[in-house]
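Taking it in order: structure first as structure tokens, then the write-up.
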Amino acid sequence: MPQIKMRGIETEIVRELSRQLIDELAVITESPRDDFTLEVIHSTFVMDGDFAPSYPFVEIAWFDRGQEIQNQVAQAISRLVNDAGCSSVDIMFTVLEKLRYYENGEHF
């Protein structure tokens, strides 16, 4: 169920690290691989009337798994994105409430 959205990272980089990323996160979160979604969001950054360089940003929307698991996930993502050539990456977690998340009309 973790939904991972990446922006400011080239699609090819995400494609290359996707298998290892999901493999590692599945182990850390004790979740099946097919519970994960990985999306590359193409965006244009602007500032002061001009185009601005993008920066790597990763957002994870998921059900709370505790601080320790969250830390491990952030560290794994940071390591893999850094190893892929991005010197810095920001990561944000959005915690979803089970009663507000529906699949086929039924909440968790």
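Filter the range 74-84 down to residues that are out of contact with any Leu (no Cβ under 6 Å at 6 or more places or on another chain) and surrounded by 11 or more Cβ atoms within 10 Å (Cβ to Cβ) and give me whichever is farthest from residue 2 (Cα to Cα).
Among those that are out of contact with any Leu (no Cβ under 6 Å at 6 or more places or on another chain) and surrounded by 11 or more Cβ atoms within 10 Å (Cβ to Cβ), it is 82.
From the residues in the range 38-67 that are free of Cβ contacts under 8 Å to residues at least 12 places away in the same chain and β-branched (Val, Ile, Thr), which one is surrounded by the fewest Cβ atoms within 10 Å (Cβ to Cβ)?
Checked the range 38-67; the qualifying residue surrounded by the fewest Cβ atoms within 10 Å (Cβ to Cβ) is 44.
Residues are listed down the side, and each one gets a yes or a no for (1) under 23 Å from residue 72 (Cβ atoms); (2) modelled with pLDDT under 95; (3) out of contact with any strand residue (DSSP E or B) (no Cβ under 9 Å at 6 or more places or on another chain); (4) outside any strand (DSSP E or B):
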{"position": "14", "(1), (2), (3), (4)": "yes, no, no, yes"}
{"position": "17", "(1), (2), (3), (4)": "yes, no, yes, yes"}
{"position": "21", "(1), (2), (3), (4)": "yes, no, no, yes"}
{"position": "24", "(1), (2), (3), (4)": "yes, no, yes, yes"}
{"position": "38", "(1), (2), (3), (4)": "yes, no, no, no"}
{"position": "43", "(1), (2), (3), (4)": "no, yes, no, yes"}
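State whether one or more residues within the range 55-75 are in contact with a Cys (Cβ under 6 Å, 6 or more places away or on another chain) and either modelled with pLDDT of 95 or more or of a type in the set (S, T, N, Q) (or both).
yes
Which residues, taken from the range 16-37, are without any contact (Cβ under 8 Å) to a residue 24 or more places away in the chain, at negative phi and not hydroxyl-bearing (Ser, Thr, Tyr)?
Listed by number, the residues that qualify are 19, 22, 23, 26, 27, 32, 33, 34.
Considering only the range 2-37, state which residues are of a type in the set (A, V, I, L, M, F, W, C) and crowded, with 16+ Cβ neighbours inside 10 Å.
4, 6, 9, 13, 14, 17, 21, 22, 25, 26, 28, 36
Look through the range 83-104, keep the residues that are hydroxyl-bearing (Ser, Thr, Tyr) and part of a strand (DSSP E or B), and return whichever of them is farthest from residue 21 (Cα to Cα).
So the residue we want is 102.
Answer yes or no as to whether residue 15 is basic (Lys, Arg) and over 22 Å from residue 96 (Cβ atoms).
Taking the combined requirement at face value, the residue satisfies it.
The values are calculated or read from the model by the stated rules, or taken from the named source; none is laboratory data. Note that the structure is predicted; figures quoted are calculated from it, not measured. When we count neighbours, we look across all protein chains shown, and the Cβ atoms used for this are built from the backbone with ideal geometry, even at glycine.
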